[in-house]
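Written out below as structure tokens is the structure these notes cover.
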């Protein structure tokens with residue numbers, strides 16, 4: 001099992017135990033994605049708090065361990081949403097590869113999607 005597959009398996013096990021322990025089996029897929037999207041946004045807010053986004057305050061030293069922990073919290077909710085949508089680690093990987101290739105085409109001005117003309121290099 002590769003690392004991404006292991007993350008998916010661990011998250012599935014966690015989600016199953018959570019549903020059982022808290023009696024959440026009745027919640028439908030759409031509501032789960034809504035709830036987890038809100039949780040993910042909360043984790044994103046915690047992440048941005050860790051990296052001095054408030055330009056009107058004196059900056060504090062960035063705690064890199066705290067930043068990394070927030071990133072992992074974000075991953076937990078993201079993977080959980082993938083699972084709720086029936087996505088496997090392999091499917092996530094495959095879709096990522098396709099989208100990454102398209103993003104590269106867009107930045108090179110080779111995409112069929114409008115609005116991505118290649119920038120002109122400045123001298």
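How would you order 37-48, 80-91, 95-106, 18-29 from highest to lowest mean count of nearby Cβ atoms within 10 Å?
Final packing ranking: 80-91, 37-48, 95-106, 18-29.
Hey, how many Å between the Cα centroid of segment 10-30 and the Cα centroid of segment 35-76?
25
How high is the relative contact order of the chain, in percent, counting Cα pairs under 8 Å that sit 6 or more residues apart?
27
For 93, 116, what's the fewest-to-most ordering of other Cβ within 10 Å of each Cβ?
Ascending Cβ contact count within 10 Å gives the list 93, 116.
Starting from the Cα coordinates of the chain, work out the convex hull volume and express it per residue in Å³.
That works out to 208 Å³ per residue.
To the nearest 0.05, how large is the calculated FRET efficiency for residue 41 and residue 96 if R₀ is 25 Å and r is the Cβ-Cβ distance?
Once the sixth-power term is evaluated, E becomes 0.70.
May I ask you to compute the full-extension gain from residue 68 to residue 54, defined as 0.36 nm times their residue separation minus their alpha-carbon distance, rounded to one decimal in nm?
3.1 nm is the gain from fully extending residue 68 to residue 54.
As a footprinting exposure proxy, order 36, 69 by other Cβ within 10 Å, with the fewest listed first.
With the fewest neighbours first, 36, 69 line up as 69, 36.
Using Cα atoms only, what is the angle between the long axis of helix 89-107 and the major principal axis of the chain, expressed in degrees (0 to 90) to the nearest 10?
The answer is roughly 20 degrees.
Expressed as an acute angle from 0 to 90° and rounded to the nearest 10, what is the orientation of the C-alpha long axis of helix 29-50 relative to the principal long axis of the chain?
That works out to roughly 60 degrees.
As I understand it, the value is the acute angle between the Cα axis of helix 64-84 and the longest principal axis of the Cα atoms of the chain; what does it come to in degrees, rounded to 10?
Helix 64-84 sits at roughly 70 degrees to that axis.
If eta is 0.890 mPa s and T is 25 °C, what Stokes-Einstein diffusion coefficient results for segment 56-123, Kirkwood Rh from Cα pairs, in µm²/s?
156
No lab work stands behind these numbers, since they all come straight from the coordinates. From a predicted model like this one, the values you see are computed outputs, not experimental measurements. We place every Cβ from the backbone using ideal geometry, glycine too, and count neighbours over all the protein chains shown.
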